[in-house]
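Below is one structure, written out as structure tokens, with a few remarks after it.
The values are calculated or read from the model by the stated rules, or taken from the named source; none is laboratory data. This is a predicted model, so every value here is computed, not measured. Every residue, glycine as well, gets a Cβ built from its backbone with ideal geometry; the counts of neighbours run over all protein chains shown. Each accessible area value is taken on the protein alone, full model and side chains, heavy atoms only, with ligands, DNA and RNA left out. Shrake-Rupley method; radii C 1.70, N 1.55, O 1.52, S 1.80 Å.
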Amino acid sequence: FLETAAYFCMKPKMGEKEVSPHSFFSIWHEFSSDFKEFWKKENKLILQERVKEAEEVCRQKKGKSLYNIRPKHDSGIVSKKCCYT
């Protein structure tokens, strides 16, 4: 524990000889909870951007027709019936 506290440059509070686990982890808890909140917000923004990009790609693909629709020609019994009457 003391090596970890030294790595993060933690210094003991006034009147204490060493860094206490309580003081170290109270600061660590604040940091980790803030980091978690920012992480969630950032992920939400990235997700929204990706959804917008996907919607744009979908709109572009809808604009380009993948198949051609030809008009229906009159053929068969119905068209022949009309011609004889």
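Under 7 Å between Cβ atoms, at least 6 apart or on separate chains: pull out the pairs that start in region 17-33 with a residue that is farther than 12 Å from Phe1 by Cβ and end on any residue that is open to solvent by less than 50 Å² (accessible area, probe 1.4 Å) and among the acidic types (Asp, Glu).
Every condition considered, no pair remains.
For region 38-58, does any single residue satisfy the condition of being part of a helix (DSSP H, G or I), among the polar types (S, T, N, Q) and at pLDDT 85 or above?
Looking through region 38-58, at least one residue is part of a helix (DSSP H, G or I), among the polar types (S, T, N, Q) and at pLDDT 85 or above.
Taking Glu3, is it in a helix (DSSP H, G or I) and modelled with pLDDT of 90 or more?
No; evaluated as a whole, the condition is false for this residue.
Could you say whether any residue in region 18-25 is at pLDDT 90 or above and not in a loop (DSSP other than H, G, I, E, B)?
no
Can you tell me which residue among Asp74, Asp34 is more than 17 Å from the chain's Cα centre (by Cα) and either at pLDDT 85 or above or surrounded by 10 or more Cβ atoms within 10 Å (Cβ to Cβ) (or both)?
Asp34 is the lone residue from the list that is more than 17 Å from the chain's Cα centre (by Cα) and either at pLDDT 85 or above or surrounded by 10 or more Cβ atoms within 10 Å (Cβ to Cβ) (or both).
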